[in-house]
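As structure tokens, the structure follows; a few thoughts come after it.
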Amino acid sequence: MKLSAYTITRMNLSAALISSAIALTSASPGLKAATIVFSNQVNSVETSVNAVQSSAFFTATPDNGFIFTNIATVISPGLIGGDLGAGDGSLATSSGTITIVGGSTSAGNWTDSNGIPAGITLTFNVQFTTATTNGFLTLGGNGLVTATGNGIGITNTAAVPGALDVGEVLEISTISITGVNFTGSLAESGYSFTPGTVLNPKWNRLRSNNFAEATRGATITTGTNVWGFGQSTGNAGTKMFIENNYTQTNALTFISAGPLTIETQLGSWNLKGLGFQYQVTYDINAVANLVLDTPVQNGGSLTVSGSGPANTSYALLESTDISAPRTSWGTNTVGTLDAGGRFTNSVSRTGSAKFYMLKTP
């Protein structure tokens, strides 16, 4: 990316001599675009019911600070009425919008806070499906129509709550991300922002409040990878924990783009929530700021000084015609800005009035 800026200063040295200084800058080698890539975590995909619309998973009150809007569910034939009913269908598509108000800074290498630069807001849509071939998707709890209770289960009888019993399978699709949109402008000066995208969503958390590892067993299968939880084993993980939170402090959890096949092998339980990670990319450019100071008369010469990116090579160009193409300007001096980003040169006052231009590569 080429970044051009001009600073013109004039000084009347005599009736016959007017010298001007122009600062010209392009992106210097040390200030090229930096691509920021970082991972974030969503731990709020849980069974939910609210007064207006419900989702098989998305909750309106996330527990890790993300804001969900436009929560909706497409049903086939459906898991949703006005409230979340038990045993209404075998497949549900959950979708929602994630909004992140940026808080990261250059001091934190743009990966502090939530990884989105302060002044920028990121929004994107998330969608996935939940299905079973063992009957109907349902909820486990103390009621029938609005029983969020323990989470998602499976039943063979409509309008009856249930759990995930031995041999029953939940199919969770891959995560679709669409509508990525960066809005706003950087709160910090001296940088430019180029939007990127959101990519690589991967499931990495299960939550349950009734999965007792000593008496329960379940597996997650993706392709040839199998993770075992509770008393179950697998080639990618064995006897892992499913906790009633998303920290998973007792053991490492799984990471998979999906789709996931979740099968119960011992006991019965309910899937209360899912968590996933994703990556965000964008470009940050440090904008070089070249400055030419006002020229100083010093006998038969001019002292020309200025500043720019430290330790960057520069050229001081000259021309008697400010409108001449920059490629036709002559070179007066070349050098390297010092560790403080400064330079000072002495140029002759003899001859016609001249304009001076500072340029970095």
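The values are calculated or read from the model by the stated rules, or taken from the named source; none is laboratory data. No experiment lies behind these values; they were computed from the predicted model shown. Methodologically, a virtual Cβ is constructed for each residue, glycine included, from the backbone with ideal geometry; neighbour enumeration extends over all protein chains shown.
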**Message:** Of all residues being in contact with a Pro (Cβ under 8 Å, 6 or more places away or on another chain) and in contact (Cβ under 8 Å) with a residue 24 or more places away in the chain in the range 92-118, which is farthest from ILE154 (Cα to Cα)? Just the residue, please.
**Reply:** THR105
**Request:** Scan the range 219-240 residue by residue and report those that are out of contact with any Gly (no Cβ under 6 Å at 6 or more places or on another chain) and touching a residue at least 40 places away in the same chain (Cβ under 8 Å).
**Result:** ILE220, THR221
**Item:** Scope the range 261-274; condition surrounded by fewer than 21 Cβ atoms within 10 Å (Cβ to Cβ) and part of a strand (DSSP E or B); matching residues
**Value:** THR261, GLU263, GLN265, LEU266
**Message:** Can you list residue pairs whose Cβ atoms sit under 9 Å apart, with the first residue in the range 188-204 being in contact (Cβ under 8 Å) with a residue 12 or more places away in the chain and the second being of a type in the set (D, E, K, R) and assigned to a strand (DSSP E or B)? Count only pairs 6 or more apart in sequence or on different chains.
**Reply:** SER192/ASP283; PHE193/ASP283; THR194/ASP283; PRO195/ASP283; GLY196/ASP283
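Could you list, in sequence order, the residues of the range 153-207 that are in contact with a helix residue (DSSP H, G or I) (Cβ under 9 Å, 6 or more places away or on another chain) and of a type in the set (Ser, Thr, Tyr)? Can you show your working first?
If we filter the range 153-207 for residues that are in contact with a helix residue (DSSP H, G or I) (Cβ under 9 Å, 6 or more places away or on another chain), which is where we start, we get 188, 190-191.
TYR191 - this is the single residue of the range 153-207 that is in contact with a helix residue (DSSP H, G or I) (Cβ under 9 Å, 6 or more places away or on another chain) and of a type in the set (Ser, Thr, Tyr).
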**Item:** Residues satisfying the stated conditions in the range 180-199, i.e. surrounded by fewer than 13 Cβ atoms within 10 Å (Cβ to Cβ) and either at positive phi or touching a Gly at 6+ places or on another chain (Cβ under 8 Å) (or both)
**Value:** SER185, GLY190
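Yes/no matrix, rows are residues, columns are (1) among the charged types (D, E, K, R); (2) surrounded by fewer than 18 Cβ atoms within 10 Å (Cβ to Cβ):
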| position | (1), (2) |
| --- | --- |
| ARG216 | yes, no |
| TRP227 | no, no |
| ASN244 | no, yes |
| ILE284 | no, no |
**Request:** Among the candidates GLY153, GLY135, GLY143, single out the residue that is over 22 Å from the mean Cα position of the chain (by Cα) and either modelled with pLDDT of 90 or more or surrounded by 20 or more Cβ atoms within 10 Å (Cβ to Cβ) (or both).
**Result:** GLY153
